[in-house]
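Asks: Right, I'll just put the structure down here and ask away after.
The values are calculated or read from the model by the stated rules, or taken from the named source; none is laboratory data. Since the model is a prediction, treat every value here as computed from it, not as a measurement. Note that we place each Cβ from the backbone using ideal geometry, even for glycine, and neighbour counts take in every protein chain shown.
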Amino acid sequence: MKIVLDTLGGDNPAQELIAGGIDAAREYGLHIIFAGDQALIERELKHKTGFEYSILHAPEEVVMEDSPAEAVRKKQNSSLVQGIRAVRKHHADAFVSPANTGAVMAGALFNMGRIHGIDRPGIGAVLTTLNGHKRTLLVDVGANADCSAENLLQFAIMGEVYAKEILDISTPKIGLLNIGEEPQKGDAQALKAYSLLQQELKNFAGNVESNHLLDGKFDVVVCDGFTGNICVKAYEGGAGMVTELLRRAIKKSLLAKIGVPFLLPAIRAVRKETSPVEFGGAPLLGVKGIVIIAHGNSNALAIKNAIRVAKNAVEHQIIQKIERGIRESLVHLGILTPAA
């Protein structure tokens, strides 16, 4: 299996990202295609052994400040564009990048296209819940500021496939993020979405409020990208705040300082559970190729885990299964005939 790693465009230097690629290649037995500045990559890989790799020379960098569409059009020799094209041309099985999210999405749309029946792709984020080791997939978390009820249905279908295949949940419960649990809550768009999801999905379990998002009662939750992005950033900020408040409280108390050696394992476990580093990356669902968007400040461990997510998506044939799920929905809605 070949996976392209974009070594440019993240907050951390290329050397850090390359280190993550090396770790993934060794641990998972993958062939990593390092996309970026060839001279720099060769220096980092010199004397490194025990893994398969190749280099895709693409020295242009798409930075966070770039306009996504303009960057994809003008920076044709960027690691982002060339890496996505390698997947489109079947030279690689998946693409992983910590670069500008909008640019990754624009590059994937321009070069791969959408799965038939998907109007807009959605970005999925896996969140830790209070229900043991169970996870909740939130879609969309930043690809689309405004969404129709039909978009949310498509997110739900794609999320259900992903939850079954990657999160190993046999019958995912699907929820609609809303301001109340009652069916009549929300604006006209939310009411329409509720009705459509209830009509089309066997596993639709109703509305979920944001304060219950992490309860673990729902496996897939859908919302527009504006709302989802705020939720994810609030989640990350809240986790960081709790850690900082705990640190301050320990600093002020002699008894707490004495107890730190006993608390450290629990503190580290909580930090690991809530860290985006452990999840690696968010899948861009709905494009005709496997694209994993890593966090902008991804370190080597986060990149290794993002590559693991890509590997799992390839092995489980996520694209083909999403295509099948969307087709079945279109047939049920009468948009396609069974023989089409």
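A quick yes/no check of all residues on (1) within 20 Å of Val141 (Cβ to Cβ); (2) touching a residue at least 12 places away in the same chain (Cβ under 8 Å); (3) small (Gly, Ala, Ser):
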| site | (1), (2), (3) |
| --- | --- |
| Ile174 | yes, yes, no |
| Asn178 | yes, yes, no |
| Gln184 | no, no, no |
| Ala190 | yes, yes, yes |
| Val208 | yes, yes, no |
| Leu214 | yes, yes, no |
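Residue-by-condition table, conditions (1) in contact with a Cys (Cβ under 6 Å, 6 or more places away or on another chain); (2) farther than 23 Å from Ala313 by Cβ; (3) surrounded by fewer than 20 Cβ atoms within 10 Å (Cβ to Cβ):
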residue	(1), (2), (3)
Gly50	no, yes, yes
His57	no, yes, yes
Val63	no, yes, yes
Asp66	no, yes, no
Ser79	no, no, no
Ile84	no, no, no
His90	no, no, yes
Val96	no, no, no
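Asks: List the pairs whose first member sits in region 275-302 and is of a type in the set (Asp, Glu), whose second member is part of a helix (DSSP H, G or I) and modelled with pLDDT under 90, and whose Cβ atoms are under 8 Å apart, counting only residues at least 6 apart or on separate chains?
Replies: So the pair list comes out as Glu278/Lys272.
Asks: Within region 218-239, is even one residue touching a Leu at 6+ places or on another chain (Cβ under 7 Å), of a type in the set (Phe, Trp, Tyr) and modelled with pLDDT of 80 or more?
Replies: Within region 218-239, one or more residues are touching a Leu at 6+ places or on another chain (Cβ under 7 Å), of a type in the set (Phe, Trp, Tyr) and modelled with pLDDT of 80 or more.
Asks: Any chance region 229-242 includes a residue that's without any contact (Cβ under 8 Å) to a residue 60 or more places away in the chain and within 22 Å of Pro121 (Cα to Cα)? Walk me through it before giving the result.
Replies: The first filter runs over region 229-242 and keeps only residues without any contact (Cβ under 8 Å) to a residue 60 or more places away in the chain, leaving 230, 233-234, 236-242.
This time we only want the ones that are within 22 Å of Pro121 (Cα to Cα), so: 230, 233.
Within region 229-242, one or more residues are without any contact (Cβ under 8 Å) to a residue 60 or more places away in the chain and within 22 Å of Pro121 (Cα to Cα).
Asks: I need the full set of residues from region 167-196 which are of a type in the set (Gly, Ala, Ser) and surrounded by 15 or more Cβ atoms within 10 Å (Cβ to Cβ), in order please.
Replies: Narrowing region 167-196 to residues of a type in the set (Gly, Ala, Ser): 170, 175, 180, 186, 188, 190, 193, 195.
Gly175, Gly186, Ala190, Ala193 - these are the residues of region 167-196 that are of a type in the set (Gly, Ala, Ser) and surrounded by 15 or more Cβ atoms within 10 Å (Cβ to Cβ).
Asks: Scanning region 89-118 for residues that are farther than 22 Å from Gly325 by Cβ and in a helix (DSSP H, G or I), which turns out nearest to the chain's Cα centre (by Cα)?
Replies: Taking the candidates together, the pick is Thr101.
Asks: Hey, does region 287-302 have a residue that's at pLDDT below 75 and crowded, with 20+ Cβ neighbours inside 10 Å?
Replies: Of all residues in region 287-302, those at pLDDT below 75 come to none.
Looking through region 287-302, none of the residues is at pLDDT below 75 and crowded, with 20+ Cβ neighbours inside 10 Å.
Asks: For Met64, all conditions in the list (1) within 22 Å of His295 (Cα to Cα); (2) in a strand (DSSP E or B) hold save one; what is the number of the exception?
Replies: Every condition holds for Met64 apart from (2).
Asks: Further question: Can you find a residue in region 210-217 that is of a type in the set (S, T, N, Q), closer than 30 Å to Phe95 by Cα and surrounded by 15 or more Cβ atoms within 10 Å (Cβ to Cβ)? Step through it out loud before you land on a result.
Replies: Here is the first cut: in region 210-217, the residues of a type in the set (S, T, N, Q) are 210-211.
Cutting the leftovers down to closer than 30 Å to Phe95 by Cα gives us none.
No, region 210-217 contains no residue that is of a type in the set (S, T, N, Q), closer than 30 Å to Phe95 by Cα and surrounded by 15 or more Cβ atoms within 10 Å (Cβ to Cβ).
Asks: Next up: I'd like the full set of residues that are closer than 20 Å to Lys311 by Cβ, touching a Ser or Thr at 6+ places or on another chain (Cβ under 8 Å) and either free of Cβ contacts under 8 Å to residues at least 40 places away in the same chain or of a type in the set (Val, Ile, Thr) (or both), limited to region 5-31.
Replies: Thr7, Ile18, His31
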